[in-house]
Amino acid sequence: MESGKNGQSKQDLFSIVIDTIPGYVSWIASDLRYLGINQAVADSFRINREKIVGEKLGFKTGMSKHDFFNRVKDFFESPLERDSFEVKIRVGDAEHWHLVEAKKYNSGTEALFVGIDITARKNAEEALASEQQERMRDARLASLGEMAASIVHEIKTPLGVLIGNADLLAERLQDPVKSAVYVGKIQKTALTIH
C-alpha cells in the first residue's frame, strides 16, 4: 500500500476519513467481500476491522439471510451507480432501522454503504400511524353513535304518535266511528316504522 507525505498508507487515511462519518460505513466489493469498515460497524458487531477485510458479507452475523445482504447484492447487480434504501438490521439483541446510501465506484466493482440509525424516526412513524388509526376508529365509532341516535329519534317519533293515538282510542272506544279513525292513524304510523 502506498504511503502519503506523513508516512500514512491510503488505507490508514481512508480509515481516518470513514471514522469521521457519523453512522456505519462499509466498503464492499462486487463479490460481496469486505474491503473495510469504520469503527462504528466494528464496535456494533464486535468485529475486528482488520480481520474483516476479505471476508464475505454476513460471515459472522448470518446476514446472508438478512435484508441488508440482499440489498447490497441487488445493488451490485443493478445498473444504478447510487441508491438509497431503508433496512432493518439486528445489532446485538435489538433490531434497528437504518437509512443506507450506497455509491458504486471503480467501474462498479466496489461500493461504499453509509448507514444512519433511523430507529427512533421509524418508531415515531409507527406511533403516529397507530394514533391516526385510533383517531379514525374513534371517528367511525362517533359516526355510528350519531347514526344510532338518529335511528332512535326516527323510531321514537312514530312510536309517540302510536302511543298518543292509542290513548285517544282508549278514551273513545264507546264511539265506533271515532275509534275507527284513530285505529287507522295507528295502523298508518305502524306501517312507517315497519
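Quick notes on this structure:
- Val87 being surrounded by 14 or more Cβ atoms within 10 Å (Cβ to Cβ) and either touching a Cys at 6+ places or on another chain (Cβ under 7 Å) or outside any helix (DSSP H, G or I) (or both): yes
- Each residue in the stretch 70-128 was checked for being among the hydroxyl-bearing types (Ser, Thr, Tyr) and more than 17 Å from Trp27 (Cα to Cα), and 2 of them qualify.
- Residues located in the stretch 16-42, provided they are open to solvent by 30 Å² or more (accessible area, probe 1.4 Å), touching a Gly at 6+ places or on another chain (Cβ under 9 Å) and under 18 Å from His98 (Cα atoms): Tyr24, Trp27, Ala40
- Selection within the stretch 90-106 - within 20 Å of Thr119 (Cβ to Cβ) and either surrounded by fewer than 13 Cβ atoms within 10 Å (Cβ to Cβ) or touching a residue at least 40 places away in the same chain (Cβ under 8 Å) (or both): Val91, Gly92, Asp93, Ala94, Glu95, His98
- Here Arg137 fits the description: more than 19 Å from Phe68 (Cβ to Cβ) and at pLDDT 90 or above.
- If only residues of the stretch 43-58 that are hydrophobic (A, V, I, L, M, F, W, C) and under 29 Å from the mean Cα position of the chain (by Cα) are counted, the one that is most open to solvent (accessible area, probe 1.4 Å) is Phe45.
- Scope the stretch 152-174; condition within 60 Å of the chain's Cα centre (by Cα), more than 10 Å from Ile186 (Cβ to Cβ) and open to solvent by 90 Å² or more (accessible area, probe 1.4 Å); matching residues: His153, Glu154, Lys156
The values are calculated or read from the model by the stated rules, or taken from the named source; none is laboratory data. Just so we're clear, the structure is a prediction, and the values are computed from it rather than from any experiment. Positions of Cβ are backbone-derived with ideal geometry, glycine not excepted, and every protein chain shown enters the neighbour counts. Surface accessibility is based on the protein's heavy atoms, side chains included, excluding ligands, DNA and RNA. Shrake-Rupley method; radii C 1.70, N 1.55, O 1.52, S 1.80 Å.
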